[in-house]
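Encoded as C-alpha cells, the structure appears first; notes follow it.
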Amino acid sequence: MSAERLKELAARAAVANIADGMRVGLGTGSTASHAVRALGERVAAGLTIVGVPTSEATAALARSLNVPLAELDGVEGLDVAIDGADEVDLGSFAVIKGFGGALLREKLVALATTRVIIIVDESKVGAAGLKKQVPVEVVPFGARHTGRALERLGAQPTLRQRDGAPFITDGGNLIFDCDFGPLTDPAALAAALKAISGVVDHGLFIGIVETVLVAGTSGVRTYRRMTNDE
C-alpha cells in the first residue's frame with residue numbers, strides 16, 4: 001500500500017470524528033490535504049461545519065471544495081483540529097511539525113482547540129524519542145545572528161530554501177531546520193528555543209496532541225494521550 005494511500009486512510013478516519021456544528025482546525029501539508037478533501041466530500045453531502053485553515057494553501061484548497069471558513073479570531077475556540085506530523089513519539093505524545101512551512105499557524109490553531117488529532121502513516125512513528133530536525137521560524141531581521149544563537153544551543157541550523165531562494169512563511173518569516181540529534185528533553189529544548197530573541201516559534205508540539213491516528217498495512221490504529229484525570 002502506497003504512503004499516499006496510508007495518509008488518506010488516516011485522514012478519512014479522522015474526518016469520521018467530525019459532527020454537525022463543529023469548528024474544525026484544518027492542517028497543512030500532504031497528509032492534512034487528504035483530510036480537507038474528505039471533509040469537503042462530507043460538506044457536499046450535507047455536513048455543516050466551519051473550518052479554520054492553518055495556511056493560505058489550505059484555505060485555497062478548502063475554498064475550492066466549498067468548505068466554509070473563518071479566521072482564528074472569528075471563533076471563540078475550536079472543537080477539533082486535524083493535522084499531519086513529521087515525527088511522533090508515542091511514548092510521550094511529543095510531535096515535530098513544520099516541514100510544510102506552517103508551524104506557527106498550526107500551533108496557534110492547535111492551542112485554541114479542544115482536541116488535536118494527528119494523522120500519520122506508520123513511517124512517522126516511534127516510541128523512543130524524537131530524532132528529526134526541528135523547524136524553527138525566525139524573523140528575517142538579524143536572522144544570521146539568530147542562527148548563531150541556535151548554534152550556541154547545540155543546533156546545526158540550515159536556512160530552508162525553495163527554488164534557490166529562502167523559504168518565506170505565510171507570516172513573512174524564515175525557517176531554520178535545526179539538527180539537534182536525538183532529543184533527550186524536548187520540553188526543555190522547546191522552552192530554550194522560545195527564549196531566543198528573533199525566534200517566533202518552533203515545530204515541537206509538547207502536551208498539545210490528544211489523539212494520534214496511525215495508518216499501516218493492517219489498518220488505522222488509534223492512540224490517545226492519557227491525562228491526569230484518567
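The values are calculated or read from the model by the stated rules, or taken from the named source; none is laboratory data. Quick caveat: nothing in here was measured; it's all calculated off a predicted structure. Counting neighbours? That spans all protein chains shown, and the Cβs are built from the backbone with ideal geometry, glycine included.
On the basis of being within 28 Å of GLY51 (Cα to Cα) and in contact with a Phe, Trp or Tyr (Cβ under 6 Å, 6 or more places away or on another chain), does VAL116 make the cut? Let's see the steps before the verdict.
Details: within 28 Å of GLY51 (Cα to Cα): yes; in contact with a Phe, Trp or Tyr (Cβ under 6 Å, 6 or more places away or on another chain): no.
Spelling it out, it is not the case that VAL116 is within 28 Å of GLY51 (Cα to Cα) and in contact with a Phe, Trp or Tyr (Cβ under 6 Å, 6 or more places away or on another chain).
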Being at positive phi and loosely packed, with under 12 Cβ neighbours inside 10 Å: is that true of GLY154 here? no
Tell me whether region 123-132 contains one or more residues that are farther than 22 Å from ARG5 by Cα, of a type outside the set (S, T, N, Q), touching a Leu at 6+ places or on another chain (Cβ under 9 Å) and at pLDDT 95 or above. no
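Taking the residues in region 158-169 that are without any contact (Cβ under 8 Å) to a residue 40 or more places away in the chain and either of a type in the set (D, E, K, R) or touching a Ser or Thr at 6+ places or on another chain (Cβ under 9 Å) (or both) as candidates, determine which candidate is farthest from LEU108 (Cα to Cα). Outline the logic, then answer.
Restricting attention to region 158-169, the residues satisfying the condition of being without any contact (Cβ under 8 Å) to a residue 40 or more places away in the chain are 158-159, 161-166, 168.
Adding the requirement that they be either of a type in the set (D, E, K, R) or touching a Ser or Thr at 6+ places or on another chain (Cβ under 9 Å) (or both) leaves 162-163.
Numbers: ARG162: 24, ASP163: 28 Å.
Within region 158-169, the match that is farthest from LEU108 (Cα to Cα) is ASP163.
Okay, residues lined up against (1) in the same structural domain as VAL80 (by TED's automatic domain parsing); (2) touching a residue at least 40 places away in the same chain (Cβ under 8 Å); (3) surrounded by 12 or more Cβ atoms within 10 Å (Cβ to Cβ); (4) in a helix (DSSP H, G or I):
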position	(1), (2), (3), (4)
ILE119	yes, yes, yes, no
PRO140	no, no, yes, no
THR146	no, yes, yes, yes
GLY171	no, yes, yes, no
ILE175	no, yes, yes, no
CYS178	no, yes, yes, no
LEU193	no, yes, yes, yes
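So which residues in region 65-82 are of a type in the set (Gly, Ala, Ser) and surrounded by fewer than 24 Cβ atoms within 10 Å (Cβ to Cβ)?
Pass one, region 65-82, residues of a type in the set (Gly, Ala, Ser): 70, 74, 77, 81.
Residues satisfying the conditions are ALA70, GLY74, GLY77.
Being within 30 Å of GLY198 (Cβ to Cβ), outside any strand (DSSP E or B) and at pLDDT 95 or above is the requirement here; does ALA14 meet it? Explain how you work it out, then say what you get.
Working: within 30 Å of GLY198 (Cβ to Cβ): no; outside any strand (DSSP E or B): yes; at pLDDT 95 or above: yes.
The answer is no for ALA14.
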Hey, could you check region 121-138 for residues that are acidic (Asp, Glu) and closer than 15 Å to VAL88 by Cβ and say which is surrounded by the most Cβ atoms within 10 Å (Cβ to Cβ)? ASP121
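Rundown of residues vs (1) assigned to a loop (DSSP other than H, G, I, E, B); (2) farther than 16 Å from GLY98 by Cβ; (3) in contact with a strand residue (DSSP E or B) (Cβ under 9 Å, 6 or more places away or on another chain); (4) not basic (Lys, Arg), yes/no style:
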site: ALA32; (1), (2), (3), (4): no, no, yes, yes
site: ARG42; (1), (2), (3), (4): no, yes, no, no
site: GLY46; (1), (2), (3), (4): yes, yes, no, yes
site: VAL52; (1), (2), (3), (4): no, yes, yes, yes
site: ASP73; (1), (2), (3), (4): no, yes, no, yes
site: ASP79; (1), (2), (3), (4): no, yes, yes, yes
VAL209, sole failed condition from (1) surrounded by fewer than 20 Cβ atoms within 10 Å (Cβ to Cβ); (2) assigned to a loop (DSSP other than H, G, I, E, B): (1)
Options LEU103, LEU90, LEU111; residue that is assigned by TED's automatic domain parsing to the domain that holds LEU47, in contact with a Pro (Cβ under 7 Å, 6 or more places away or on another chain) and under 19 Å from ALA187 (Cβ atoms): LEU103
Matching entry among ALA85, ALA112, ALA62 (being buried (at least 23 other Cβ atoms within 10 Å of the Cβ) and in contact with a Gly (Cβ under 7 Å, 6 or more places away or on another chain)): ALA62
